[in-house]
Amino acid sequence: MFDLAERMRRKEYTAKPLAGKSLAMIFMKASTRTRVSFEVGAWQLGGHALFLSPRDIQLGRGEPIADTARVLSRYVDGIMIRTFAQADVEELARSASVPVINGLTDLLHPCQVMADVLTMVQQFGTWEGKKVAWIGDGNNMANSWINAAYRLGFELSLACPEAYEPDPAVLQRAQRDGSSRVRVMRDPMEAVVDAHVVTTDVWASMGQEEEQQARARAFAGYSVGASLMARAARDAIFLHCLPAHRGEEVAASVIDGPQSRVWDEAENRLHVQKALMAILMGGE
C-alpha cells in the first residue's frame, strides 16, 4: 500500500480504478483534511464522493447504524466514516456489504498514521530501525502510533501525563508478547532521546474544548520546543496531524522550522487514502 501511495505521489500511477464507482463519506465530526483528501482522491481515481453530514442522512435522526449500512451498500461501492465511537464504525462494517474505512474515531485515526509512516519512509527510506517519540495526550493518534509500531516493529516512546495515557487495551496488545518496543513514560525529555520522529497533537481534541484549562495545566512541560528537538536524533523530523496550536503543544519555531515535515505529512493523506481506495474499492 505504501509503495502504491508513493507511485501515486510521484504521478507514476495513472489508472482510474474507481471509474463508475462512488464513495459515501459520513461526517459526524467536522473535517478539513479528511474531507478534502478523500473527495479529491476519489475524483482523481475516476470516482465520485458524496458528503453526508448528520443533517443530510437519517443516521443523524436516530436511524440504526445497521440499517444505514445496508441501504448505502445498495448504492455505493465504499463507505468512509468520521465519527465519535469506535463501536459505530465496527457496527457499520459488520452490516455493510462494501468496504468501510475508518476516517477517525475517538479511539483511532488509522488513515492519519498511515500518512505519517509514509512520511517516515520518504524521509528515511524505511521505518525499520527507527524510533518515534509521541509527546502529549494518549489520544486516538497515540493509539494509532501504538498500532503502527505493533504491526511494523519500530520503536515507540510515548510521554503522557498521568491520567492521560493511551487506551489500555491498545497498549496491552502491543506489549503482550514481551518483545514490544512500545513504552509509556512521563518525561518528554527521556522519550525523545535519539528519536528519528518527534510528533504530537493538540492538548484538547475535538469535543474536549470544555477541558481546555485543566488540560493546559496537566500538559505544562509537554510542549515540543527547540530544547526537546535538540535531544532527538540529528536528522530527526517533526510531525503533527493538524490543526496545530502554536505556543501550546508545539513552538512556532519547530512546526515552521527546517525539521518540520507537517505539510508533506498532510499531503500524504491524499496519497495513502487513494491507495487504500484503489485496493479496497478498485481491485488494485
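The values are calculated or read from the model by the stated rules, or taken from the named source; none is laboratory data. Computed from a predicted model, the values in this text were never measured in an experiment. FYI the Cβ positions are ideal-geometry reconstructions off the backbone, even for glycines, and counts take in every protein chain you see.
Taking the stated definitions as given, is THR14 over 15 Å from GLU284 (Cβ atoms) and among the β-branched types (Val, Ile, Thr)? No, not satisfied.
From the list GLN273, GLN213, the one residue that fits, being of a type in the set (S, T, N, Q), assigned by TED's automatic domain parsing to the domain that holds SER97 and either buried (at least 20 other Cβ atoms within 10 Å of the Cβ) or over 20 Å from ALA115 (Cβ atoms) (or both), is GLN273.
Within the stretch 10-38, being surrounded by fewer than 19 Cβ atoms within 10 Å (Cβ to Cβ) and more than 18 Å from GLY103 (Cβ to Cβ) holds for ARG10, LYS11, GLU12, THR14, ALA15, LYS16, PRO17, ALA19, GLY20. Within the stretch 1-20, residues that are modelled with pLDDT of 95 or more have Cβ atoms under 6 Å from residues that are aromatic (Phe, Trp, Tyr) in these pairs: ARG7/TYR13, counting only partners at least 6 apart in sequence or on another chain.
Residue-wise test of (1) in a helix (DSSP H, G or I); (2) at negative phi; (3) aliphatic (A, V, I, L, M); (4) at pLDDT 95 or above.
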| residue | (1), (2), (3), (4) |
| --- | --- |
| TYR164 | no, yes, no, yes |
| GLY178 | no, no, no, no |
| ARG217 | yes, yes, no, no |
| LEU228 | yes, yes, yes, yes |
| GLU267 | yes, yes, no, yes |
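The sole residue among ASP137, ASP116, ASP106 that is in a loop (DSSP other than H, G, I, E, B), surrounded by 23 or more Cβ atoms within 10 Å (Cβ to Cβ) and at negative phi is ASP137.
GLY283 falls short on exactly one of the conditions (1) touching a Pro at 6+ places or on another chain (Cβ under 7 Å); (2) part of a helix (DSSP H, G or I); (3) of a type in the set (Gly, Ala, Ser), and that condition is (2).
Looking at ARG215, ARG269, ARG261, just one residue is over 30 Å from TYR13 (Cα atoms) and of a type outside the set (A, V, I, L, M), and that residue is ARG215.
Listed here are the residues, each with its yes/no results for (1) of a type outside the set (S, T, N, Q); (2) in contact with a helix residue (DSSP H, G or I) (Cβ under 9 Å, 6 or more places away or on another chain).
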| position | (1), (2) |
| --- | --- |
| ILE146 | yes, yes |
| SER180 | no, yes |
| VAL193 | yes, no |
| VAL198 | yes, yes |
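Count of the stretch 4-55 residues, restricted to those that are within 21 Å of the chain's Cα centre (by Cα) and either of a type in the set (A, V, I, L, M, F, W, C) or on the phi > 0 side of the Ramachandran plot (or both), is 17. Report whether or not TRP127 is assigned to a loop (DSSP other than H, G, I, E, B), modelled with pLDDT under 95 and either surrounded by 18 or more Cβ atoms within 10 Å (Cβ to Cβ) or not aliphatic (A, V, I, L, M) (or both). Here the answer is no, as TRP127 does not meet what is asked. With respect to the conditions (1) touching a Gly at 6+ places or on another chain (Cβ under 9 Å); (2) closer than 29 Å to LEU104 by Cα; (3) at pLDDT 95 or above, VAL198 falls short on a single one, namely (1). Inside the stretch 63-103, residues that are surrounded by fewer than 21 Cβ atoms within 10 Å (Cβ to Cβ) and of a type in the set (Gly, Ala, Ser) make up a count of 7. Look at the stretch 60-71: where a residue is in the same structural domain as SER97 (by TED's automatic domain parsing) and a partner is among the hydrophobic types (A, V, I, L, M, F, W, C) and surrounded by 12 or more Cβ atoms within 10 Å (Cβ to Cβ), sitting 6+ places away or on another chain with Cβ atoms under 6 Å, you get ILE65/LEU92; THR68/LEU59; ALA69/LEU92; ALA69/ALA96. Candidates in the stretch 1-33 are the residues that are small (Gly, Ala, Ser) and touching a strand residue (DSSP E or B) at 6+ places or on another chain (Cβ under 6 Å); of these, the one that is nearest to LEU270 (Cα to Cα) is SER31.
For beta carbons closer than 7 Å, sequence separation of 6+ or different chains, a first residue in the stretch 151-167 that is without any contact (Cβ under 8 Å) to a residue 60 or more places away in the chain and a second that is assigned to a helix (DSSP H, G or I) and of a type in the set (S, T, N, Q), the qualifying pairs are PRO166/ASN143.
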